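S.K.: One structure follows; several queries about it will come next.
The values are calculated or read from the model by the stated rules, or taken from the named source; none is laboratory data. Everything quoted here is computed from the prediction, not taken from an experiment. For neighbour counting, all protein chains shown are included, and Cβ atoms are generated from backbone atoms with ideal geometry for every residue, glycine included. When the accessible area is computed, the model is the full protein with side chains, heavy atoms only, and any ligands, DNA or RNA have been set aside. Shrake-Rupley method; radii C 1.70, N 1.55, O 1.52, S 1.80 Å.
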Amino acid sequence: MTRRPVAIVAALALTAVALLLAAPLRAHEAKEVAPEFLGDYLKMQTALAADSAAGVAEAAAVIVKAAGSYANHSADKPAYDALAAAAAKVDGKDLATLREQFKSFSIAMDTFLRGAGAKGWQLFYCPMAEGYWIQSDAEVRNPYYGKSMLRCGDVVTGVKKG
């Protein structure tokens with residue numbers, strides 16, 4: 001009889017461990033991780049505004065990986081998937097290509113941040129480049145023309161449709 005209680009306790013302990021291991025990871029809601037993505041995005045924007053391609057594709061790859069990971073454990077999966085897909089397209093090797101790829105990624109980031117209700121950022125638009133970008137402050141630093149037209153751009157409240 002003494003063996004049966006030990007076996008039952010052991011079975012219960014194994015069941016508890018299995019349940020803990022099978023439990024879903026903590027859901028990462030978009031609002032919680034938006035600052036993380038914004039930080040990586042701003043690294044890209046800052047580099048492009050400084051006429052540098054250094055670290056731009058790498059920061060985009062970080063967003064792809066993180067968004068993909070968070071998507072698997074979140075009710076915000078479609079938002080993460082859309083952001084990861086847009087970031088995955090920022091993979092150019094030269095400055096001109098990265099700047100062009102950054103345009104659609106910036107719109108996706110704007111959509112993600114708005115959906116998450118994130119604070120601490122502002123959307124800008126450059127009519128010359130026909131491109132949007134995000135900054136955390138109001139001093140215009142154009143990622144599409146860099147030093148040649150660093151102050152070209154206006155604050156906007158939303159992305160034009162169509």
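S.K.: Could you tell me whether any residue of the range 81-104 is of a type in the set (Ser, Thr, Tyr), under 17 Å from Asp40 (Cβ atoms), at pLDDT 95 or above and open to solvent by less than 20 Å² (accessible area, probe 1.4 Å)?
M.R.: The answer is no, given that none of the residues of the range 81-104 is of a type in the set (Ser, Thr, Tyr), under 17 Å from Asp40 (Cβ atoms), at pLDDT 95 or above and open to solvent by less than 20 Å² (accessible area, probe 1.4 Å).
S.K.: How many residues, within the range 106-162, are in a loop (DSSP other than H, G, I, E, B) and of a type outside the set (Ser, Thr, Tyr)?
M.R.: Qualifying residue count for the region: 25.
S.K.: Quickly run through the range 48-77 and pick out the residues that are under 24 Å from Asp137 (Cβ atoms), free of Cβ contacts under 8 Å to residues at least 40 places away in the same chain and over 12 Å from the mean Cα position of the chain (by Cα).
M.R.: Hits for the range 48-77 are Ala54, Gly55, Glu58.
S.K.: Report whether or not Ala67 is farther than 26 Å from Glu29 by Cβ, in a helix (DSSP H, G or I) and either of a type outside the set (D, E, K, R) or open to solvent by 20 Å² or more (accessible area, probe 1.4 Å) (or both).
M.R.: No; evaluated as a whole, the condition is false for this residue.
S.K.: When you go through Ala34, Ala79, Ala30, Ala53 one by one, which is the residue that is of a type in the set (A, V, I, L, M, F, W, C) and farther than 19 Å from Lys119 by Cα?
M.R.: On inspection, the qualifying residue turns out to be Ala53.
S.K.: What pairs come out if I take residues in the range 78-105 that are within 16 Å of Leu38 (Cα to Cα) and pair them with residues that are open to solvent by 10 Å² or more (accessible area, probe 1.4 Å) and among the charged types (D, E, K, R) whose C-beta lies under 9 Å away, six or more apart or interchain?
M.R.: Close Cβ pairs satisfying both conditions: Ala84/Lys65; Ala87/Asp40; Lys103/Glu130; Ser104/Lys89; Phe105/Lys89.
S.K.: Please go through (1) in a helix (DSSP H, G or I); (2) at pLDDT below 95; (3) of a type outside the set (Phe, Trp, Tyr) for His73 and return the number of the only condition it doesn't satisfy.
M.R.: (1)
S.K.: Sticking with this structure for a sec: Any idea which of (1) over 12 Å from Ile134 (Cβ atoms); (2) assigned to a helix (DSSP H, G or I); (3) at pLDDT 95 or above is the one Met44 doesn't satisfy?
M.R.: (1)
S.K.: Go through the residues of the range 11-18 one by one and say whether even a single one is under 26 Å from Asn142 (Cα atoms), open to solvent by 30 Å² or more (accessible area, probe 1.4 Å), in a helix (DSSP H, G or I) and at pLDDT below 95.
M.R.: Checked the range 11-18: no residue is under 26 Å from Asn142 (Cα atoms), open to solvent by 30 Å² or more (accessible area, probe 1.4 Å), in a helix (DSSP H, G or I) and at pLDDT below 95.
S.K.: Is it the case, given these coordinates, that Tyr145 is open to solvent by 60 Å² or more (accessible area, probe 1.4 Å) and either in contact (Cβ under 8 Å) with a residue 40 or more places away in the chain or in contact with a helix residue (DSSP H, G or I) (Cβ under 9 Å, 6 or more places away or on another chain) (or both)?
M.R.: Judged against the criteria, Tyr145 is a match.
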